[in-house]
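Novice: To start, I am sharing the structure in question, which I have written as structure tokens.
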Amino acid sequence: MTTRIIATGAYVPEQVITNDDLSKIVDTSDEWIVKRTGIKERHISLGDNTSAFAVKTAKQLIEKAGVEIKKLDLIIVASVTADYATPSIACIVQKEIGASNAVAFDISAACSGFMFALSIADKYIKSGAYNNAMIIGAETLSKMVDWSDRSTCVLFGDGAGGVYVEKSETGGIIKEEIGTKGEICGILTGGYTPCTNIFNKNEEKTDHLWYINMNGREVFKFATKSVVKSVEKVLEGSNINIDEIKYVIPHQANARIVEIISNKLKIPYEKFYINMDRYGNTSSASIPIALNELNEKGLIERGNKILMTGFGGGMTWATMLISW
Ligand code: ACO
């Protein structure tokens with residue numbers, strides 16, 4: 001028995017912010033951003049919060065998969081930019097789509113979040129607890145970006161993507177590998193909320209810790225190392241040759257990271273599906289947005305092998321090999 005993707009969906013806010021737009025806000029240029037990252041533009045929310053993107057994605061999934069809403073068992077949303085600490089985005093989705101019999105919760109694993117969530121859903125389904133699930137990665141990173149910091153504000157975008165999965169006899173998740181390295185969690189942080197209360201006399205300023213802070217070079221090194229190792233483990237463990245893989249969907253953080261991964265793994269660059277030029281890094285939404293695009297364009301058919309791999313804050317990484 002496996003867990004198979006039945007439908008994909010994605011939603012990004014309409015407003016496009018180009019590199020030239022950013023060069024009017026901070027000291028940067030289209031040339032620098034494209035050369036160092038491969039990003040040309042990103043979608044930025046003009047007010048909608050993360051749950052709005054997740055709900056729009058969920059509604060697409062219901063329509064595309066023809067989900068009987070009262071039979072939906074599980075909703076997991078991965079995000080580091082939830083509207084509230086509580087309720088979770090998943091519970092807001094549950095309310096908005098009327099999935100009254102589902103269990104809904106959020107998880108946090110930064111840019112690897114979508115695959116961590118898919119991995120959890122897979123275990124519930126394989127254990128026999130549930131028959132189906134909706135997994136969504138949704139982010140409004142624009143609210144956690146310091147728009148005066150050129151080294152980070154050029155990288156990120158807003159949006160959501162997701163899948164609806166069901167228990168299946170064929171296809172589905174073949175092999176996965178996920179991991180974390182908390183020892184180096186300080187190289188990428190964001191969204192710090194201090195302990196403030198009437199008894200606390202410490203007035204230390206922590207506003208800057210709300211923003212995404214990153215040691216770009218260390219994250220870069222971590223990304224290339226962890227993804228390469230993870231993909232190698234998955235391929236070895238599955239006895240599937242790289243030639244049999246139709247597409248690799250990497251986390252859309254930086255085209256140079258993908259080039260290095262492609263060289264180290266000897267996987268032709270053309271096999272990597274890249275759309276960061278149009279969306280930037282949307283964290284947990286990046287892989288499902290790309291998967292949905294591949295699907296919508298009709299570039300994948302049933303039986304194709306697809307490898308999804310990513311890394312993110314935590315630090316976290318995840319790789320999944322699926323049969324479409
Ligand atoms: N425009 C122009 N110049 C810039 C910009 C910018 N937007 N940003 C930085 N610079 C300057 C720096 O100030 C520095 O100038 P200096 O040499 O005078 O000091 C110079 O460019 C080089 O800066 P570096 O930080 O060394 O540039 P680097 O080549 O490492 O590229 C980057 C930076 C793109 C952030 C890269 O390190 C990277 O992509 N790292 C991985 C980041 C990543 O993937 N993050 C997200 C993953 S996790 C998640 O998705 C949440």
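The values are calculated or read from the model by the stated rules, or taken from the named source; none is laboratory data. These numbers were taken from a predicted model, which means no experiment stands behind them. Counting neighbours? That spans all protein chains shown, and the Cβs are built from the backbone with ideal geometry, glycine included. Calculation scope for accessible area: heavy atoms of the full protein, side chains included, ligands and nucleic acids excluded. Shrake-Rupley method; radii C 1.70, N 1.55, O 1.52, S 1.80 Å.
Novice: Looking at the range 104-149, which of its residues are charged (D, E, K, R), open to solvent by 10 Å² or more (accessible area, probe 1.4 Å) and more than 16 Å from the chain's Cα centre (by Cα)? Please lay out each step first, then the result.
Specialist: Looking only at the range 104-149, we keep the residues that are charged (D, E, K, R), and these are 106, 122-123, 126, 139, 143, 146, 149.
Still in the running and open to solvent by 10 Å² or more (accessible area, probe 1.4 Å): 106, 123, 126, 143, 146, 149.
Hits for the range 104-149 are LYS123, LYS126, LYS143, ASP146, ASP149.
Novice: Tell me, please, whether a residue that is open to solvent by less than 10 Å² (accessible area, probe 1.4 Å), more than 24 Å from GLU14 (Cβ to Cβ), in contact with a strand residue (DSSP E or B) (Cβ under 7 Å, 6 or more places away or on another chain) and assigned to a helix (DSSP H, G or I) can be found in the range 239-259.
Specialist: Looking through the range 239-259, at least one residue is open to solvent by less than 10 Å² (accessible area, probe 1.4 Å), more than 24 Å from GLU14 (Cβ to Cβ), in contact with a strand residue (DSSP E or B) (Cβ under 7 Å, 6 or more places away or on another chain) and assigned to a helix (DSSP H, G or I).
Novice: Among the residues of the range 230-263, what is the count of those that are on the phi < 0 side of the Ramachandran plot, free of Cβ contacts under 8 Å to residues at least 60 places away in the same chain and more than 16 Å from the ligand (Cβ to nearest atom)?
Specialist: 6
Novice: Output the qualifying pairs, or none if there are none: Cβ atoms under 6 angstrom, residues six or more apart or on different chains, first residue in the range 94-123 and in the same structural domain as ILE69 (by TED's automatic domain parsing), second residue modelled with pLDDT under 95 and open to solvent by less than 10 Å² (accessible area, probe 1.4 Å).
Specialist: Every condition considered, the pairs that remain are CYS111/GLY310; SER112/GLY310.
Novice: From the list LYS40, LYS71, LYS56, which residue is crowded, with 17+ Cβ neighbours inside 10 Å and out of contact with any helix residue (DSSP H, G or I) (no Cβ under 9 Å at 6 or more places or on another chain)? Before the answer, list the steps.
Specialist: Working: LYS40 fails: out of contact with any helix residue (DSSP H, G or I) (no Cβ under 9 Å at 6 or more places or on another chain); LYS71 fails: crowded, with 17+ Cβ neighbours inside 10 Å.
None of the other options fit; the residue is LYS56.
Novice: From (1) touching a Phe, Trp or Tyr at 6+ places or on another chain (Cβ under 6 Å); (2) buried (at least 17 other Cβ atoms within 10 Å of the Cβ), pick out the condition that doesn't hold for GLY179.
Specialist: Failing condition for GLY179: (2).
Novice: Tell me the residue from GLY190, GLY216, GLY280 that is small (Gly, Ala, Ser) and under 24 Å from ASN295 (Cβ atoms), please. Show your work before the answer.
Specialist: Values: GLY190 fails: under 24 Å from ASN295 (Cβ atoms); GLY216 fails: under 24 Å from ASN295 (Cβ atoms).
Result: GLY280 is the single residue among GLY190, GLY216, GLY280 that is small (Gly, Ala, Ser) and under 24 Å from ASN295 (Cβ atoms).
Novice: Output yes when any residue across the range 210-227 is touching a Leu at 6+ places or on another chain (Cβ under 6 Å), of a type outside the set (S, T, N, Q), part of a helix (DSSP H, G or I) and within 15 Å of the ligand (Cβ to nearest atom), and no when none is. Walk me through how you get there before you give the answer.
Specialist: Here is the first cut: in the range 210-227, the ones touching a Leu at 6+ places or on another chain (Cβ under 6 Å) are 214, 219.
Subset that is of a type outside the set (S, T, N, Q): 214, 219.
Restricting the remaining residues to those that are part of a helix (DSSP H, G or I) gives 219.
If we keep only those that are within 15 Å of the ligand (Cβ to nearest atom) as well, we get 219.
Yes, the range 210-227 has at least one match.
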